[in-house]
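Participant: Sending over a structure as structure tokens; questions will come in a sec.
The values are calculated or read from the model by the stated rules, or taken from the named source; none is laboratory data. Since the structure is predicted, the reported quantities are computational estimates derived from the model, not experimental observations. When we count neighbours, we look across all protein chains shown, and the Cβ atoms used for this are built from the backbone with ideal geometry, even at glycine. These accessible areas exclude ligands, DNA and RNA; they are computed on the full protein's heavy atoms, side chains included. Shrake-Rupley method; radii C 1.70, N 1.55, O 1.52, S 1.80 Å.
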Amino acid sequence: ENDVCKTYNYTLEKKENFEWLSINNNGTKKTFLLLKSEEFLILYESTRKEPFFWGFYSFRKLELLSFLKKTNVTTSSELQENKTIYSGDSLGNLNLESPWVEGSKGDGIGEYIILNINASEVFILSGFISYQKPYLYEQNNRPKKIKISFPESNYQDIYFDLADTPNPQKITLKEDYNGKLKIEIIDIYKGSKYSDLCISSIPYLH
């Protein structure tokens with residue numbers, strides 16, 4: 001008689017480059033910003049910068065998923081607006097409105113991130129991601145093509161074309177790599193208002 005299974009009515013809507021998941025529970029409607037890929041599912045609610053929920057498709061691999069530490073990130077530049085610094089440190093979490101933003105005078109081409117990691121796969125969440133201000137994604141530059149190089153080895157450079165989406169995009173390395181990995185911006189999706197290039201997060205898999 002105590003049925004733990006519940007059925008909820010939900011709708012999915014695409015708006016302003018994002019998907020929005022609305023769930024109706026006994027007349028109460030709650031809407032989440034939804035980011036997803038074959039591996040990831042991330043939900044945000046309106047009142048929090050941290051994810052309401054995030055999950056990975058494999059519990060075994062979830063244990064191998066890592067986030068960058070402050071000491072493991074170096075960037076070519078960073079943007080400071082008043083007291084807010086959009087530094088590379090932000091690439092180590094999934095929080096909203098805390099991307100790395102380059103601080104050069106150009107459009108971000110030639111800017112780079114150097115990571116010190118032990119990884120087999122790298123995930124990139126592009127753009128400025130915000131629940132309350134979703135228009136900031138399109139207003140700012142996003143990476144379109146990147147070059148991945150391996151400064152401490154003789155591995156061949158990898159060029160990767162990114163889709164224009166805030167959803168996690170996977171880059172598979174040829175083998176497990178332990179050392180410095182450089183991500184350089186080769187081309188961009190042009191922002192409609194600003195010339196700042198934004199990347200929200202770079203989690204990785206051992």
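Participant: Taking the options Asn95, Asn72, name whichever one is more than 18 Å from Gly191 (Cα to Cα), out of contact with any Phe, Trp or Tyr (no Cβ under 7 Å at 6 or more places or on another chain) and surrounded by 17 or more Cβ atoms within 10 Å (Cβ to Cβ).
Facilitator: Just a single option satisfies the conditions, and that option is Asn72.
Participant: So Asn116 ticks every box in (1) touching a Phe, Trp or Tyr at 6+ places or on another chain (Cβ under 7 Å); (2) open to solvent by 20 Å² or more (accessible area, probe 1.4 Å); (3) not aliphatic (A, V, I, L, M) but one. Which box is left unticked?
Facilitator: Here Asn116 meets the rest and fails (1).
Participant: Any chance the stretch 147-155 includes a residue that's at pLDDT 95 or above and either within 13 Å of Ile199 (Cβ to Cβ) or charged (D, E, K, R) (or both)?
Facilitator: Taking every residue of the stretch 147-155 in turn, at least one turns out to be at pLDDT 95 or above and either within 13 Å of Ile199 (Cβ to Cβ) or charged (D, E, K, R) (or both).
Participant: Let me ask another. Could you check how many residues of the stretch 171-188 are at pLDDT 95 or above and more than 18 Å from Ile114 (Cβ to Cβ)?
Facilitator: 2
Participant: Another question about this same structure. In the stretch 138-175, how many are over 13 Å from Ser126 (Cβ atoms), charged (D, E, K, R) and assigned to a loop (DSSP other than H, G, I, E, B)?
Facilitator: Of the residues in the stretch 138-175, 2 are over 13 Å from Ser126 (Cβ atoms), charged (D, E, K, R) and assigned to a loop (DSSP other than H, G, I, E, B).
Participant: Let me ask something additional. List the strands (runs of 3 or more DSSP E) that sit entirely inside the stretch 20-93 and contain at least 1 residues that are more than 30 Å from Asn178 (Cβ to Cβ) and free of Cβ contacts under 8 Å to residues at least 24 places away in the same chain.
Facilitator: Those strands (runs of 3 or more DSSP E) span 28-36, 40-44, 53-56, 79-81, 84-86.
Participant: Let me ask something else. Which one of the conditions (1) closer than 20 Å to Thr84 by Cα; (2) at pLDDT 95 or above does Lys105 fail to meet, given that it meets all the rest?
Facilitator: (2)
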